[in-house]
Amino acid sequence: MRPGFYAEGPLARLSREFGLLGPLGDTMEPWMTAELDQHAAAVRDSIAADSGPITRISLSRYLDGFMDGCRERGWHSSCDGYDWETLRVLAVCRLAKEHGFVR
């Protein structure tokens with residue numbers, strides 16, 4: 001197993017669940033690529049401002065805080081389409097995959 005890979009962590013679970021909602025591979029529609037790039041940049045900036053580099057722990061903490069905020073606002077992932085929250089979670093999942101934290 002690769003160092004830093006945690007098969008049962010929140011990033012892995014969410015990546016499995018949200019991977020069903022949108023493509024996280026190499027064949028994405030151009031609009032989806034642009035949206036996820038913007039969301040990923042915002043996540044990287046937020047983590048860098050709070051704690052420095054992206055690590056499994058810093059990305060997991062970001063995800064926990066983001067999901068807490070979503071729940072407080074009453075958001076749930078069963079809506080149709082790609083709302084702002086879904087795109088942000090997909091971007092977090094893509095970052096986790098790019099950094100080797102999930103498969």
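The numbers here are math on the coordinates, done by the rules we state, and not lab data. None of the values given here were measured: they were computed from a predicted structure. For neighbour counting, all protein chains shown are included, and Cβ atoms are generated from backbone atoms with ideal geometry for every residue, glycine included.
Here are a few things to note about the model shown:
- Relative packing of 44-55, 88-99, which averages over residues the other C-beta atoms within 10 Å, highest first: 88-99, 44-55
- Taken over the range 55-103, the percentage of Cα pairs per 10 Å bin, counting from 0 up to the bin with the maximum distance, is 25, 51, 23, 1.
- Residues F66, F101 in ascending order of nearby Cβ atoms (within 10 Å, fewest first): F66, F101.
- Label-to-label distance for R73 and A41 is 2.0 nm, based on points extended 7 Å past Cα in the beta-carbon direction.
- Per-residue Cβ neighbour counts within 10 Å put M32, M67 in the sequence M32, M67, beginning with the fewest.
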